[in-house]
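The values are calculated or read from the model by the stated rules, or taken from the named source; none is laboratory data. Values in this document were obtained by computation on a predicted structure and should not be read as measured data. Every residue, glycine as well, gets a Cβ built from its backbone with ideal geometry; the counts of neighbours run over all protein chains shown. Side chains are part of the model used for accessible areas, which takes the heavy atoms of the whole protein and leaves out ligands, DNA and RNA. Shrake-Rupley method; radii C 1.70, N 1.55, O 1.52, S 1.80 Å.
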Amino acid sequence: MQDDHRPGPGSPHSLWQAEEVPGGQLKIFFGYAAGVGKTYAMLEAARRAKAAGVDVVAGYIEPHTRPETQTLLQGLEQLPAMSVLCKGTEQKEFDLDAALARHPQLILVDELAHTNAEGCRHVKRYQDVQELLRAGINVYTTVNVQHLESLNDKVAAITGVSVAERIPDSVFDSADQVELVDLEPADLLERLREGRAGRPRQAMGNFFTDQNLAFLREIALRRTADRLDTTPWLEGNEKPKAGEHILICLSASPSNAKVIRTAARMAKAFHGAFTALFVETPDFAAMSEADRTRISANVRLAEELGARITTTYGDDPAVQIAEYARISGISKIVLGRSPRRSGVHHTKNLVDRLNELAPDLDIYIIPDQRGNQTSPHALSRKNTQEHLSALDILKTLGVLTLCTLGGYFFSFLGISDTNIIMLYLLGVLVISMVTTGRSYSLLSSVLSVLIFNFFFTAPYFTLRSDPSYIATFGIMFLVALLSSSLTTRIKTQAKMNADKAYRTAILLETSHKLQTAEGAESILTIAAQQLGHLLERDLVVYQADGQGGLLPAMCFPFAEEADLSALLTPDEEAVAEWVMKNNKHAGATTNTLPGAKCLYLSIRGTGGALAVVGIAAAGNQPLLSFEKNLMVALLDECGLALEKERTMREKQRAEAQADQEALRANLLRAISHDLRTPLTSISGNANILMENADQLEPEKRQSLFTAIYDDAMWLINLVENLLSITKIEDNRIHMNIEPELLEDIFAEALSHLDRNACRHHIETKLPDDMLMADMDARLVVQVVINIVNNAVKYTPEGSRITLSAKRDGRMVAVEVADDGPGIPDEAKERLFDMFYTAGNERGDGRRGLGLGLALCKSIVTAHGGTIAAIDNHPQGTVFRFTLRASEVRPYE
């Protein structure tokens, strides 16, 4: 029974919380048939590893009756098998979660090609092994040659047995080590006779024969040798030269799977590229459900064998295949056998047409042993039956009736029969345009001839006519049939072009919108909306939180007011988390957690998954190949945009950090240079007072006290300015914004000016005594003090300084004007930069750090205003800054 204290095997909540660790290594013990000793060899290798100090655990070993195998298991730690209730029967399966929790250095998992019971996380055991490898656990496993996908049809042709449990060749080829476990066929048969291989004797007469085992052994040896031949360039030591590019055509033909496997073996043998092309014809929309299912299965098979899936559109497959081969540099095409059509008219099959259209291509024909194979596209046409519509029949009869009435009108006017024939031809064209099938065009072509004969040729109202009209009727029928066929083809082609244009427009629109989007949430929203338009399905999107988890889901229903609560359950969120951690797709229509209600895919960047998108499954039907290609392209575009946005944020953080470092360096340099003077002055004056205070005259002592006080106040103001700037720049200062009278602000500022301000004429001008602005009074007073003190410092004694304020629209403009020497234009551009001093001769440039005006700019900007320095006329400078105006209410 299943442990109630631990989640079930297929529950997303049982997903192991893996940390980022290097991937493990896979070793496969490879045999040509059951009973050669793969499990025995694996256990022997495991015992040797344990003796060398490796932490070894037997994860799952198939039950064996051989005492030698059971003996080897003794002394090895074994994980308990997991009980799964499937269709009323309890089955034992490998416990993936227990293995991940135990996390040994090496784990043994028998029967790599095994299909798990329903309810397990993965459909196939090799997917369990892949998750173990991603978790950093080394794996020993076993598999037979007949379980390799590309060899399945070849083994079936030899043995007459088709194996249902198969693994992709990529899993086998990605193994770090493959050890061939070989045994003479005669010895294997002897084992079977003695019952030492766990197989019944009756199996010997079917699968286990001398001839079959010899063939299987040869295939296994060749496959192992092929892997050894490809291992160096797979590891990157010697990359093959680019050359062969093999193409196969996807179809609903039952033999298409054999063509795909053959092409995959050829691509591996030639070390070439492998592409699977699907030509979507007008008949695709009316294709039967069985054919659609076969096409989806063939697409998945081609993907598993490493093919790149491509879709083209057209009504002539031969032309589309030849054109794609020319553009893509295809060197070889692999096709199933296409029989010639029997009949009076000889029609060239697909192979003959490709030989004409692409004579430079090597075409390989794969025979079908069933003998009655039809071509893929002929099969599609055979299974595509046109359904008659009552509405289209009424349209056909209605147009022909109108043509007949028009013919009578022409006869009444004395117009010749030739024009009536043209009227019927026009009617046939109209019928071709307004109906949905080719049958109506053929029917209208026949009816137009019969109706013309019945109503407009003598003898009237009978199908008998003058023999001289026979040629006229024949030409009329051919013209009507050809013109209607061309019209139907043009209409179909226009529809296909419109579909392609729509999909292309979605991709272009997505690219444009993603380029202008700001922020990860905006990028994901745009991508989800475009994906919803393309697939016409509900979507949920999870954004990465930057710590390995996911933020709450964003929902994008295709239909308004749709209920997506079923897509937001804890189980669905857990599937999305698994996709995020493993960077693999999962959920509906996949072999990982197929019970989910959505297909979940990761949006990838260079550093891993950046987000996860969930696409609601429509009747658990997989996406069509062209939809999948467009979806992948759209998600890749989204991933690039997210990566760009993340890179930009990192760049901004780096620039901000660099600016802070530069600010710190400038500050330290300025302080170390400019603080020497006041500190030296304070220490020197204090030393004089300490040693010679009694000998100094009162006026001299007072001047020394004043100098010490001035230098100390300068240092205090410097520190306050530095602290204020730091708080404002870091957004750590709290501003208390309230309406304040400008008259009060000016009065407060004038009471805290530098003591040298008394040597200047300072006045205020307020045309409105009740003028108010929204501000933090404490900070704005500091702005006024800094600007006035700056004017006091850089203007000669007796200069006039004027403070004024007036309403300017929704703002209040505050000005501090002086009649000093003014500021050069080149200095105005940098006047409010930190650590900048204008070098005015009247000012004490060696004691200025250039922080006062920088602080003013920070405070004014924080209030939503602006600050600038302009020329005063006839001379001097005006410092002008703005604040938001506020109104005086009567009840206040």
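Things worth noting here:
- By accessible area, using a 1.4 Å probe on protein heavy atoms only, region 100-142 has 46% of its surface on carbon and sulfur.
- Placing R0 at 22 angstrom, the Cβ-Cβ distance between SER522 and GLN657 gives a FRET efficiency of 0.30 after rounding to 0.05.
- Over 31 Å (Cα to Cα) - which of LYS87/LYS628; LYS348/LYS495; LYS258/LYS348; LYS92/LYS597; LYS268/LYS513 fall in this group: LYS87/LYS628; LYS268/LYS513
- Taking a straight line from the alpha carbon of LYS806, these aspartates and glutamates sit under 13 Å away, with near neighbours fewer than eight places off in the same chain left out: GLU743, ASP768, ASP769, GLU815.
- Residues THR861, THR569, THR488, sorted by accessible area with the largest first, give THR861, THR569, THR488 [1.4 Å probe; ligands and nucleic acids excluded].
- Residues of type lysines that LYS857 reaches as a straight line, Cα spacing below 18 Å, ignoring anything fewer than 8 places off in the same chain: LYS727, LYS828
- Oblate is the label for region 79-150, because the ratio a/c of its alpha-carbon gyration tensor axes (a ≥ b ≥ c) is 1.5 or higher and a/b is not greater than b/c.
- Residue-by-residue Karplus 3J(HN,Hα) for region 792-808, coefficients 6.51, -1.76, 1.60, Hz, glycine and proline x: 4, 6, 10, 10, x, 4, x, 5, 9, 10, 10, 9, 9, 7, 8, 6, 9
- Cα gyration tensor shape for region 252-334, rounded if a/c is under 1.5, else prolate or oblate: oblate
- Sorted on the mean count of surrounding Cβ atoms within 10 Å across their residues, most packed first, peptides 45-52, 604-611 read 604-611, 45-52.
- Cβ-Cβ FRET estimate between ARG308 and ILE393, R0 fixed at 30 Å, reported to 0.05: 0.10
- Cut-off under 5 Å, modelled amide H: who pairs with ILE363 long-range: ILE333
- Of all lysines in the structure, those lying under 20 Å Cα to Cα from LYS27, and not within fewer than 8 positions of it along the same chain, are LYS38, LYS50, LYS124.
- Potential lengthening of the chain between HIS873 and ALA51 amounts to 286.3 nm, from the contour at 0.36 nm per residue minus the alpha-carbon distance.
- The amide H of PHE29, built 1.01 Å from its N in the peptide plane, has THR141, THR142, VAL143, GLU179 as neighbours under 5 Å, considering only residues 5 or more places off or on other chains.
- Coordinate range of the alpha-carbon atoms in region 494-623 per principal axis, descending: 44, 35, 29 Å.
- One equal scatterer on each Cα of region 25-177, no solvent, Debye formula: the resulting log10 I(q)/I(0) at q = 0.08, 0.15 Å⁻¹ is -0.22, -0.80.
- Over region 388-521, volume per residue of the alpha carbon convex hull, in Å³: 144
- Projected label distance in nm at TYR364 and HIS761, using a 7 Å step from Cα toward the beta-carbon: 10.3
- Packing, as the average of other Cβ atoms within 10 Å across residues, places the peptides 590-598, 871-879 in the order 590-598, 871-879, highest first.
- Cβ-derived FRET efficiency at R0 56 Å, LEU508 paired with ALA458, nearest 0.05: 0.35
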